[in-house]
1. If you take every residue apart from residue A:341 with its C-beta less than 15 Å away from the C-beta of residue A:341, what net charge results, scoring Lys and Arg +1 and Asp and Glu -1?
2. Can you tell me what percent of all Cα-Cα pairs in chain B are more than 39 Å apart?
3. Relative contact order, percent, of the range B:124-213 when contacts are C-alpha pairs under 8 Å separated by at least 6 residues?
4. Residue-wise, which Karplus ³J(HN,Hα) couplings in Hz belong to the range A:135-140, taking 6.51 cos²θ - 1.76 cosθ + 1.60, θ = phi - 60°, and x for glycine or proline?
5. Give me the mean projected area, in nm² to one decimal, of the convex hull enclosing the Cα positions of the range A:154-216.
6. Run through the other copies and list how far each one's label point is from that of residue B:263, in nm with one decimal, shortest first; the point sits 7 Å from Cα along Cα-Cβ.
7. Report the equivalent ellipsoid semi-axes for the range B:188-295 in whole Å, largest first, defined as the square roots of five times the eigenvalues of the gyration tensor built from alpha carbon atoms.
8. Going by how many other beta carbons lie within 10 Å of each one, how would you line up A:127, A:323, B:306, fewest first?
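Just so you know, all these numbers are worked out from the coordinates, no wet-lab data involved. All figures in this text were calculated on a predicted structure; none of them were measured in a lab. For neighbour counting, all protein chains shown are included, and Cβ atoms are generated from backbone atoms with ideal geometry for every residue, glycine included.
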Protein chains: 2
Amino acid sequence: MIVCKFGGSSVAEASQILKVRKIIESNSKRRLIVVSAPGKRNNADKKITDLLYTCNKEVKNGEGAKSFKIIRDRYSEICETLGIDGITEMLDEVQAGIESGKGADYAASRGEYLSARMLAVFLEAEFIDSADILKLSDDGRIEESGYSALKARIKGTGRYIIPGFYGSDSNGNIKTFSRGGSDITGAIAARAVGAEVYENWTDVSGLLMADPRLVDNPCVVKELTYKEIRELASIGANVFHEDAITPVKDYNIPINIRNTNKPEMPGTMIVTNRDSSKTPIVGISGKNNYQNIFVEKLRLNRYPDFRIKFLSILKAHDIVPEFESTGFDSLSFLAPESQLADIENVLKEIQNNLHPDLLELRSSLGLIGIVGGGISNQIGVAASVFSVLSLNNINVRFINYGGSDITLLVGVDSNLYLDALRAIHKKFDEE
Amino acid sequence: MIVCKFGGSSVAEASQILKVRKIIESNSKRRLIVVSAPGKRNNADKKITDLLYTCNKEVKNGEGAKSFKIIRDRYSEICETLGIDGITEMLDEVQAGIESGKGADYAASRGEYLSARMLAVFLEAEFIDSADILKLSDDGRIEESGYSALKARIKGTGRYIIPGFYGSDSNGNIKTFSRGGSDITGAIAARAVGAEVYENWTDVSGLLMADPRLVDNPCVVKELTYKEIRELASIGANVFHEDAITPVKDYNIPINIRNTNKPEMPGTMIVTNRDSSKTPIVGISGKNNYQNIFVEKLRLNRYPDFRIKFLSILKAHDIVPEFESTGFDSLSFLAPESQLADIENVLKEIQNNLHPDLLELRSSLGLIGIVGGGISNQIGVAASVFSVLSLNNINVRFINYGGSDITLLVGVDSNLYLDALRAIHKKFDEE
């Protein structure tokens, strides 16, 4: 079986839903479908989920769910175009629920609920309500029972549709995941039925090698591993929600990111292992404006307590050094600016308790993560990175490699960050 | 004033001492001379200091200082050749002292003592006994009073000779420094008199860019900083005793390593600051067979306690990670094999207390330190290093830069360590 999740743009209007049907019907294995709420059709549109939150607020303010009319019109228009019956009753039921004060989670979840109900009719598939199946613990984790419960429901040979983004708590009340949570529902569903692949249908043709807002025309990455995607996300890439990988990765279910508008494209495969010989690097991501705290203490290596106390002081101030480099007499650590609101006091405390020879806040750095399994087994990746920086007259301030086999971290002065990112991207995107 | 220290080979025989005189007399500023004990003239020779330790043992064993005859012959031969009077009385005094059981420190110090006495006669200089001037605390540190005491003694306009390697404790008993300690005496003397330069005369024409036992014909480094020399020593280079830098570095007294046999060569200058634009890199050193402990823990960055506890466990087993690299979900630390005798228990303790997702002792690494002030302000150093490794088909396992501005650390598989060291050296020695 193949589990398909369709995102907001794939169900935003009737013409998109026709594409969805075509995709589903072109492969009989596509039997378990997860859907999002309709997204924007254009910049003037509001997302259905945002409108639902607005309705809930309106009810709380005693105005009644005024904005529900826009929602009603969106779904009605789709159903009318596609000849889907019964949407009026579904909308009435949802509006009544919101107006009865069932709260924000209930309201927000109804976009997916209505999408799934509507598509179940259109595709002649069986609707499964996530609230009946996926139980969330008080800290928002999926109970293990959800996997077997879902599997038990998928007995027949037909298609099933399940709304993304929510489950229910121990009292049976609707509880939503974090935003973007339909990806998580898709992953849970894939694991529950032991899918051969989890197809995640979006409006892009796959994951890109770098942020298209920062570099020119990044290519689509054909294949990358769970680990590579995690490292890319850690150093700033807005790739694929980590919680949506966790359910499938231990079960070796590949995730295939696809484009509903270009179903002929193979998209991106996220897998357990890959052959990195042809594509050593899968992504270039980064974050700018890291603060750099530099400490000098003669023979630092001989004082193990120094580093323990140093980390303890940072911890007391809720600072976790994201990156660290140790020298013989010195220690450099990088943290995002956001963590350093209290930096003056932190520096004072370090000075008074540890008496370093030198303690300074250095000029901020941009960090670039070059990620790929090929770094560890192919010769010349570091040479390529540093040669291209040298050719572009960019000096290197920080290098960290070895903590992870698959990420080479390079720091440059913040004002050179974009130049460096673009130069490195260009180098590897050509390959 | 210039302070000159002459090492063991410079006073090993009469012909060498003639060179010493020529050097001293060629510059009237060379007025404070520190001398070592005579070293080996050839491979069959024993060092005077070693013979003195033997004499002390012989006395303890009740055999009398049998070996003293060899010492007597060495000094007598030199003095006879150079026409120096009075050596017999000096030797008698020393032999009597050793035979009276004054102990190992006293015995060992007599090589320098006799050298200095002998040269004082030869150069018509004033002998100053280090035991009267340099007081050592119980933990072997020089008391501050030694600097002013020495300065007070240098009142005249003539030359002064002081034996290296020893001082005296609070009871007035002779106490030696660690071996090679005459360099320390020289540094103390230079600081005491505020020397314009501390000349350290040896049998090499300066510090070499790399270990000549490992690479072909390393060049002499013309100039490097105290900090560069310290970092070179930290990553394995056998350069210049750190304790012999400490006294002069805060006083900006340059150290000039010179060759007694080639006094026309400028040697190596060790200075506070240098212009690194022409010579970005001053040395390549390294150590092989570092053990690599690798730990994986999902979202390591979110658990500051993990690293604190990790370091605490290591500390409890007397392991100080010399180098460390942190990834997002992992941590790699390198320690010399010698520290890891108890590694099985350490790994168990880490496993039981920290429950990492993965804990392994990885294949050992050789670490190469590329040291030079030019790394931080010249573009392309990292590019050169990694390009040359790539050209030599050597893969990179570990990189650390930024903890120190002036050292780029590169780790390679242990079996490729020498190849990598040689390739990098060749690259920078050419420049």
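1. Numbers: positive: A:348; negative: A:318, A:337, A:342, A:344, A:349.
My count for the surroundings of residue A:341 gives -4.
2. Numbers: 30643 of 92665 pairs.
Tail of P(r) above 39 Å: 33 percent of Cα pairs.
3. Numbers: 120 pairs, mean separation 25.0, N = 90.
Result for the range B:124-213 is 28 percent.
4. So the J values, rounded to whole Hz, are 9, 9, 6, 4, 8, x.
5. Working: hull surface 27.1 nm².
The number I arrive at for the range A:154-216 is 6.8 nm².
6. Copy-to-copy label distances for residue B:263: 9.3 nm.
7. Working: eigenvalues 128, 64, 35 Å².
Output for the range B:188-295: semi-axes of 25, 18, 13 Å.
8. Values: A:127 15, A:323 25, B:306 20.
With the sparsest Cβ surroundings first, the list reads A:127, B:306, A:323.
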